[in-house]
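Trainee: Dropping a structure here in structure tokens format, bear with me for questions.
We did not get these values from a lab; they are worked out from the coordinates using the rules stated. In this text the structure is predicted, and so the values were computed from the model without any measurement. Cβ coordinates were reconstructed from backbone atoms using ideal geometry, including for glycine residues, and neighbour counts include every protein chain displayed.
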Amino acid sequence: MSVRKHHRAFKAKKAKKAARKVKAAKKSVVSRSAISVRRRRATTAKIMDINVNSATYDGDYALLILFSDGMQKRVDFSPFIESIQASYLKKYKNPDKFKDFKIESGNVVWGKDWDLIFPVKQLYSGKVS
């Protein structure tokens, strides 16, 4: 075999090997991202099945919340309450009004018409926004 033919054959073999590596890498990325999506969906589904069983006032603008899976979290609402701009929500800056919450439909709500309500997922994480 001449040097040129040998060189062409070597380049072709090298190109095929590189193409196989790229294909394998793409497959690996797809499978990893699919696994990640499945895990996120499973976690979200678990949290979606969780409800608030009870809550007690825990000082300042914080509640101690017991969830249906047995998890208990202290949720500090201070950053949210202090940032309230809407006039109809400013009444909840008063600690006595903040304490006037109830549990309805598996969530913590304030006001007759649910003036304030937070996603259970946020409550479960312990941080509201």
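Trainee: Could you work out the per residue convex hull volume over the alpha carbons of segment 52-125, in cubic angstrom?
Mentor: That works out to 83 Å³ per residue.
Trainee: Could you sort the peptides 63-73, 82-92 by per-residue average Cβ neighbour count (10 Å cutoff), highest mean leading?
Mentor: Sorting 63-73, 82-92 by mean packing, highest first, produces 63-73, 82-92.
Trainee: Taking H placed 1.01 Å from N in the peptide plane, check which residues at least 5 places from Leu116 or on another chain put their amide H under 5 Å from its amide H.
Mentor: Trp110
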